[in-house]
Amino acid sequence: MGVIYLVRHGQANALAYGVSDDSADLRNGPGGLTATGDTQAAISGSFLAGQIEGFTDAVSGDLARQSQTLRGVLGAFDARPEARIDTGWNEYSLPALVGHASPEMFRDGRNYQQQLDKGLAAWIAAGDHEPEPGPDGGPAESYPQFQARVHDAAKRAVERAGSGQTVLIVSSAGTITQWIAQLWGIPDEQWPTMARTMVNASITKLIVGRQGVSVVSFNEHGHLSDRSGGVATFR
């Protein structure tokens, strides 16, 4: 039996979402983690270090917020594998259908989420098409192409999570929940609902066995919360 831990990246600055904001925390570069994101990654790493001895493999996409979170999590372990990059774990490129968001809209959160939800619904409904590049500057891909990319990345991860292997994957809310939606048979239209519930640096645990892949826990984030609110964030 193998184990896969999926960790969502920590909080990232607005440029990660294609929003130019002069007040953004750029200590880790454009699209990188904020100070809170650094803390979240370290806390999740410490939490995992209290559960397991270490990982046999560690991978993330090539987005700054993902690779920085991977380093933060691994920093809690004395022995750690060399971090690998697999772009299959990148987040979807914000569809052009989402449009451009102002810093005020992004900081508001609710209005930004409503605009994102509408854009994602249109993206899913469009099916196979020639998409335009999105506001975050990432490569344009249709929703079916995104689904296929995640499926292929997940297949590679499962192959590396053989008996006795423990794999760490740091990715993003949309990509992690897309794999879970595929495992659970969630309708495409409901996938965005799953994605928007994901907490930064939350942990999802999967078991790989003879019967396939089973989800043991999803979006675990109690270690990021306390009576005062802790450091749990959604974006």
For this session: Return the residue satisfying two criteria in turn: it lies in region 42-65 and is farther than 25 Å from Ser163 by Cβ and of a type in the set (Ser, Thr, Tyr), and of such residues it is surrounded by the fewest Cβ atoms within 10 Å (Cβ to Cβ).
Result: Ser46
Problem set entry | Test set (1) closer than 30 Å to Ser102 by Cβ; (2) open to solvent by 40 Å² or more (accessible area, probe 1.4 Å) - Ala148 fails condition number | (1)
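For region 167-206, enumerate the residues that are surrounded by fewer than 19 Cβ atoms within 10 Å (Cβ to Cβ) and of a type outside the set (D, E, K, R). Break it down into steps so the answer makes sense when it comes.
Pass one, region 167-206, residues surrounded by fewer than 19 Cβ atoms within 10 Å (Cβ to Cβ): 182-190, 193, 196-197, 205.
Correct list: Gln182, Leu183, Trp184, Gly185, Ile186, Pro187, Gln190, Thr193, Thr197.
Would you confirm, using the coordinates I've provided, whether Asn219 is modelled with pLDDT of 95 or more, open to solvent by less than 20 Å² (accessible area, probe 1.4 Å) and either touching a Gly at 6+ places or on another chain (Cβ under 7 Å) or among the small types (Gly, Ala, Ser) (or both)? Working first, answer last.
Details: modelled with pLDDT of 95 or more: yes; open to solvent by less than 20 Å² (accessible area, probe 1.4 Å): yes; either touching a Gly at 6+ places or on another chain (Cβ under 7 Å) or among the small types (Gly, Ala, Ser) (or both): no.
Spelling it out, it is not the case that Asn219 is modelled with pLDDT of 95 or more, open to solvent by less than 20 Å² (accessible area, probe 1.4 Å) and either touching a Gly at 6+ places or on another chain (Cβ under 7 Å) or among the small types (Gly, Ala, Ser) (or both).
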Exercise. List pairs: first in region 102-119 and within 15 Å of Gly18 (Cβ to Cβ), second open to solvent by 80 Å² or more (accessible area, probe 1.4 Å), Cβ under 6 Å, 6+ apart or cross-chain?
Worked result: Gly119/Leu97
Exercise. Residues in region 181-193: is at least one touching a helix residue (DSSP H, G or I) at 6+ places or on another chain (Cβ under 9 Å), at pLDDT 95 or above and among the small types (Gly, Ala, Ser)?
Worked result: yes
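Please determine whether any residue of region 82-90 is in contact with a strand residue (DSSP E or B) (Cβ under 7 Å, 6 or more places away or on another chain), acidic (Asp, Glu), more than 13 Å from Asn200 (Cβ to Cβ) and open to solvent by 30 Å² or more (accessible area, probe 1.4 Å). Give the steps one after another, and end with the answer.
Start the filter on region 82-90 by keeping residues that are in contact with a strand residue (DSSP E or B) (Cβ under 7 Å, 6 or more places away or on another chain), which leaves 83-86, 89.
Among the residues that remain, those that are also acidic (Asp, Glu) are: 86.
Imposing the further condition that a residue be more than 13 Å from Asn200 (Cβ to Cβ) reduces the set to 86.
Subsequent filtering for residues that are open to solvent by 30 Å² or more (accessible area, probe 1.4 Å) retains none.
There is no residue in region 82-90 that is in contact with a strand residue (DSSP E or B) (Cβ under 7 Å, 6 or more places away or on another chain), acidic (Asp, Glu), more than 13 Å from Asn200 (Cβ to Cβ) and open to solvent by 30 Å² or more (accessible area, probe 1.4 Å).
Restricting attention to region 161-181, which residues are under 21 Å from Ser44 (Cβ atoms) and part of a helix (DSSP H, G or I)?
Step one: filter region 161-181 for residues under 21 Å from Ser44 (Cβ atoms), giving 161, 165-180.
If the condition is that a residue be under 21 Å from Ser44 (Cβ atoms) and part of a helix (DSSP H, G or I), then Ala173, Gly174, Thr175, Ile176, Thr177, Gln178, Trp179, Ile180 are the ones that fit.
A quick yes/no check of all residues on (1) in contact with a His (Cβ under 6 Å, 6 or more places away or on another chain); (2) among the hydroxyl-bearing types (Ser, Thr, Tyr); (3) over 30 Å from Glu159 (Cβ atoms); (4) open to solvent by less than 20 Å² (accessible area, probe 1.4 Å):
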| site | (1), (2), (3), (4) |
| --- | --- |
| Gly2 | no, no, no, yes |
| Tyr17 | no, yes, yes, no |
| Ser23 | no, yes, yes, no |
| Asn28 | no, no, yes, no |
| Thr39 | no, yes, yes, no |
Problem set entry | Number of the exception - Glu141 against (1) assigned to a loop (DSSP other than H, G, I, E, B); (2) out of contact with any Lys or Arg (no Cβ under 9 Å at 6 or more places or on another chain); (3) at pLDDT below 95 | (2)
Exercise. Failed condition for His223, given (1) under 17 Å from the mean Cα position of the chain (by Cα); (2) part of a helix (DSSP H, G or I), with all others met?
Worked result: (1)
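The values are calculated or read from the model by the stated rules, or taken from the named source; none is laboratory data. All values derive from a computational prediction rather than experimental measurement. FYI the Cβ positions are ideal-geometry reconstructions off the backbone, even for glycines, and counts take in every protein chain you see. We work out accessible area using only protein heavy atoms, side chains counted, and drop any ligands, DNA or RNA first. Shrake-Rupley method; radii C 1.70, N 1.55, O 1.52, S 1.80 Å.
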